[in-house]
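Take a look at the structure below.
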Amino acid sequence: MIADRRAFILANTRLQAPPHTPELRLWLADEITPIWRLTEEELGELGLPPPFWAFAWAGGQALARYLLDHPDEVAGKRVVDFATGSGIVAIAAAKAGAAGVLAADIDGFCAAAVALNAAANDVAVRFTDANLLDAAPPAADLILAADICYERPLAEAVMAWLAEARATGTRVLIGDPGRSYFPKSGLERLAEYQVPTTRDLEDAEVKRTAVWALP
Ligand SMILES: C[S@@+](CC[C@H](N)C(=O)[O-])C[C@H]1O[C@@H](n2cnc3c(N)ncnc32)[C@H](O)[C@@H]1O
């Protein structure tokens, strides 16, 4: 079992710029870091759930890019980044001038990952490992969610929860590369990018990825 998660992240990842957001620096896995080569079984023996936080997913890269290029969407706003992973979207929101950012993820390693990544970019991001889906959406001006439609139960629960937030006036932005359970209608497309990724994670080296708003 891994006692010191911060030390584990520092030893197993590398500070690097996600290709679609070169102005950010994140502690991420790549082919030259040891975590990349661990199988799911080996990860299990270490007590480590699949390390989603060690990658900048296509949806996260797209939504972060959009926020960095459209600071008017976030400046002065109270922002929640649901399913933050590495914290890429939360960090982009903070850099773009959010009044406050809460990053949420149920993976306990994300607390250390987000803290390291926020520090690397010189921004403040709060973190919770509470499952926000268990309650009504928190009071916020803007809720962000990137790459959350890769499993049906999660996708359905998140989209219902985001719709609830939207119904109370919260703006909702989603980054998604066309995952299997992403809704095919009912959203407004704001931007589309060609996001570089890797064949070790995805079925393509570049994923067409869009940023959507709940209308
Ligand atoms: C594919 S990753 C996306 C991470 C990040 N948003 C990005 O785009 O790089 C999905 C993340 O969803 C998180 N997750 C799954 N269920 C969740 C829940 N109920 N609440 C918060 N996070 C959740 C996982 O732990 C994982 O970090």
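The values are calculated or read from the model by the stated rules, or taken from the named source; none is laboratory data. Please read these numbers as outputs of a predicted model, since none were measured by experiment. Quick reminder, even Gly has a Cβ in these numbers, built from the backbone with ideal geometry, and neighbours come from all protein chains shown. With ligands, DNA and RNA removed, areas are computed over all heavy atoms of the protein, side chains included. Shrake-Rupley method; radii C 1.70, N 1.55, O 1.52, S 1.80 Å.
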Dipole in debye (nearest 20) - the stretch 53-155, about Cα centre, beta carbon charges: Lys, Arg +1; Asp, Glu -1:
120
Antiparallel %, DSSP beta bridges [both residues in the stretch 1-120], to 5
40
Summarise the accessible area of the chain (1.4 Å probe, protein heavy atoms) by the percent that is carbon and sulfur.
51
Rank 29, 146, 191 by mean-square fluctuation in a GNM of the chain with C-alpha springs under 10 angstrom and give only the top-ranked residue.
191
Normalised radius of gyration for the chain, please: alpha carbon Rg relative to 2.2 N^0.38 Å, two decimal places.
0.95
Taking the solvent-accessible surface of protein heavy atoms with a 1.4 Å probe, what is the per residue accessible area of the chain in Å²?
46
Calculate, in nm to one decimal, what residue 31 and residue 11 gain on full extension: separation in residues at 0.36 nm each, minus their alpha carbon distance.
5.8 nm
For the peptides 46-58, 193-205, 133-145, 92-104, what is the packing order when you average, over each peptide's residues, the other Cβ atoms within 10 Å and list the highest mean first?
92-104, 46-58, 133-145, 193-205
Once the in-chain neighbours fewer than 8 apart are removed, the lysines whose Cα is under 27 Å from residue 95 read 77, 207
GNM on the chain, Cα springs under 10 Å; top mean-square fluctuation among 148, 35, 174 goes to 35
Calculate, in nm to one decimal, what residue 156 and residue 202 gain on full extension: separation in residues at 0.36 nm each, minus their alpha carbon distance.
14.4 nm
Report Rg (one decimal) and Dmax (nearest whole number) for the stretch 151-215, counting Cα atoms only, units Å.
13.0, 40
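Out of all DSSP beta bridges with both ends in the stretch 86-215, state the antiparallel percent to the nearest 5. Mind dumping the intermediate values first?
Numbers: 12 of 20 bridges.
Approximately 60 percent, going by the DSSP bridge assignments.
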Using a 10 Å cut-off on Cβ atoms, rank the peptides 3-13, 179-189 from the highest mean neighbour count down.
3-13, 179-189
Using Cα atoms only, what is the angle between the long axis of helix 109-120 and the major principal axis of the chain, expressed in degrees (0 to 90) to the nearest 10?
80
Quick one: go through the stretch 56-78 and flag any residue whose amide nitrogen is under 18 Å from the point 7 Å out along the Cα-to-Cβ line of residue 180.
58-59
To the nearest 20 debye, what is the magnitude of the charge dipole of the stretch 1-94 about its Cα centre, counting +1 on the Cβ of each Lys and Arg and -1 on the Cβ of each Asp and Glu?
300
